[in-house]
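Before any comments, here is the structure.
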Amino acid sequence: MSFDLETLRDAIAEHGTVARVVVADTRGSVPREVGASMLVWDGGQAGTIGGGALEYEAAKQALTGNAIRVKPLGPSLGQCCGGSVTLITEVFTDAPDVSDTFARRVTGETSKPLAIARAEAKARNGSEPKTALADGWLVEPVQTACVPLWIYGAGHVGRALVDTIAPLPHVAITWVDTGPDRFPTTDVTVLPAANPADAVQLAPSEAHHLILTYSHALDLEICHQLLNHSFAFAGLIGSATKWARFRSRLKKLGHQDAQIARITCPIGDPALGKHPQAIAVGVTSRLLLSLRRQTLGKDIAL
């Protein structure tokens, strides 16, 4: 988990004063990990630190000012986790000027602790920074890049995928289909296109693509266009039979076997079944595992 500068900046632009609550430390059994965060403004909030009474109390107190609070997750909160969390609350009216890490004093008047300085030094030397709390100071890695994920098709599977993946950090979705009426109300970037295959040329070279339109012919054309365009990953919904036919047709269109093999079909986890939500769970699971293992921007095996 990391400090999402862009999301905070957007929230401030829309709502003015915004509080950010982050899990800075944990003990025992807790609902969320260190680094989980939420934003709170007058009349609303986004993100989650675990839900329930813990989140309700934290949101109610968030706009009262910067604070460090240790919350036991026991009878006083009506929660039975048994552990405790340390929550950092900070109130922002402007987005901070930060780079790879964000180290700051939250409360008190102490100078920068050695543990925080060491965390910054490790980050400068190429080590992955981690959220750390010491003597009223907090340091976090800054999320500076998102994985661009292009999804073609706003049918049942496409909608299930967007519903499942969109709330995740580190992923920026562009959703492509043939007309505005194909999309439900959503916060992701939608791109209506008379021919979705023409949209491929607009995608950045490091984008990841999931192809699941209502038409096999359209799926094939998108695959063809992708093989003529740089991409980090391409996944196609379908069976082994569909993929065998596509491989043959793509070869006739001039693509070499090594190129064609860069497209993954089927996507997700076939053992989970073919229900749209099951496909979405399988794809998202592999995406999350890859995001944990790899640096953002590298290949993701969905």
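Please determine, by comparing only the residues of region 60-76 that are assigned to a loop (DSSP other than H, G, I, E, B) and more than 19 Å from Val40 (Cβ to Cβ), which one is modelled with the lowest pLDDT.
Gly74
Do we have Trp137 as within 18 Å of Thr213 (Cα to Cα) and either open to solvent by less than 40 Å² (accessible area, probe 1.4 Å) or not polar (S, T, N, Q) (or both) here?
In short, no.
Taking region 188-231, which residues are closer than 30 Å to Ala46 by Cα, in contact with a Gly (Cβ under 9 Å, 6 or more places away or on another chain) and open to solvent by 50 Å² or more (accessible area, probe 1.4 Å)?
Hits for region 188-231 are Pro192, Glu206.
State the number of residues belonging to region 168-217 that are farther than 21 Å from Ile267 by Cα and assigned to a strand (DSSP E or B).
Qualifying residue count for the region: 4.
Could we say that Trp150 is in contact with a Lys or Arg (Cβ under 6 Å, 6 or more places away or on another chain) and either buried (at least 18 other Cβ atoms within 10 Å of the Cβ) or under 28 Å from Arg20 (Cα atoms) (or both) here?
Details: in contact with a Lys or Arg (Cβ under 6 Å, 6 or more places away or on another chain): no; either buried (at least 18 other Cβ atoms within 10 Å of the Cβ) or under 28 Å from Arg20 (Cα atoms) (or both): yes.
Taking the combined requirement at face value, the residue does not satisfy it.
Say we look at region 4-29 and pick out the residues that are of a type in the set (Val, Ile, Thr) and either part of a helix (DSSP H, G or I) or open to solvent by 10 Å² or more (accessible area, probe 1.4 Å) (or both); which of these is nearest to Leu73 (Cα to Cα)?
Ranking the candidates gives Thr26 first.
I'm checking my understanding of the structure. Among residues of region 47-59 that are surrounded by 16 or more Cβ atoms within 10 Å (Cβ to Cβ) and outside any loop (DSSP other than H, G, I, E, B), which one is nearest to the chain's Cα centre (by Cα)?
Out of the qualifying residues, it is Gly47.
Looking only at region 238-265, count every residue that is under 25 Å from Thr284 (Cα atoms), assigned to a loop (DSSP other than H, G, I, E, B) and out of contact with any helix residue (DSSP H, G or I) (no Cβ under 6 Å at 6 or more places or on another chain) and tell me the total.
The total comes to 4.
Could you please find all residues in region 239-287 being under 16 Å from Gln225 (Cα atoms), open to solvent by 50 Å² or more (accessible area, probe 1.4 Å) and hydroxyl-bearing (Ser, Thr, Tyr)?
Ser248
Could you give every pair whose Cβ atoms fall below 8 Å, whose first residue belongs to region 14-28 and is free of Cβ contacts under 8 Å to residues at least 60 places away in the same chain, and whose second residue is charged (D, E, K, R) and not in a helix (DSSP H, G or I), counting only separations of at least 6 or pairs across chains?
Short answer, once both residue conditions are applied: His15/Asp42.
Can you name every residue in region 158-178 that is small (Gly, Ala, Ser) and open to solvent by less than 10 Å² (accessible area, probe 1.4 Å)? Write out each step before concluding.
Filtering region 158-178 for residues small (Gly, Ala, Ser) gives 158, 160, 166, 172.
Listed by number, the residues that qualify are Gly158, Ala160.
Open to solvent by 10 Å² or more (accessible area, probe 1.4 Å), within 26 Å of Asp100 (Cα to Cα) and out of contact with any helix residue (DSSP H, G or I) (no Cβ under 6 Å at 6 or more places or on another chain), is that true of Thr185?
Here the answer is no, as Thr185 does not meet what is asked.
Against the condition at pLDDT 85 or above and either within 13 Å of Arg20 (Cβ to Cβ) or not in a loop (DSSP other than H, G, I, E, B) (or both), how does Glu109 come out, does it pass?
No.
Scan region 120-128 and give yes if some residue there is surrounded by fewer than 21 Cβ atoms within 10 Å (Cβ to Cβ), at pLDDT 85 or above and either touching a helix residue (DSSP H, G or I) at 6+ places or on another chain (Cβ under 9 Å) or of a type outside the set (A, V, I, L, M) (or both), otherwise no. Let's see the steps before the verdict.
Of region 120-128, the ones surrounded by fewer than 21 Cβ atoms within 10 Å (Cβ to Cβ) are 120-128.
In the following step, the residues that additionally are at pLDDT 85 or above were identified as 120-121.
Now narrow it down to the ones that are either touching a helix residue (DSSP H, G or I) at 6+ places or on another chain (Cβ under 9 Å) or of a type outside the set (A, V, I, L, M) (or both): 120.
Yes, the conditions are met somewhere in region 120-128.
Residues Leu63, Leu87, Leu39: which one is open to solvent by 60 Å² or more (accessible area, probe 1.4 Å) and in contact (Cβ under 8 Å) with a residue 12 or more places away in the chain?
Only one candidate qualifies: Leu63.
The values are calculated or read from the model by the stated rules, or taken from the named source; none is laboratory data. What you see is a predicted model; the values in this text were computed from it and never measured. Note: ideal-geometry Cβ built from the backbone for every residue, glycine included; neighbour counts use all protein chains shown. The accessibility values were calculated without ligands, DNA or RNA, using every heavy atom of the protein model including side chains. Shrake-Rupley method; radii C 1.70, N 1.55, O 1.52, S 1.80 Å.
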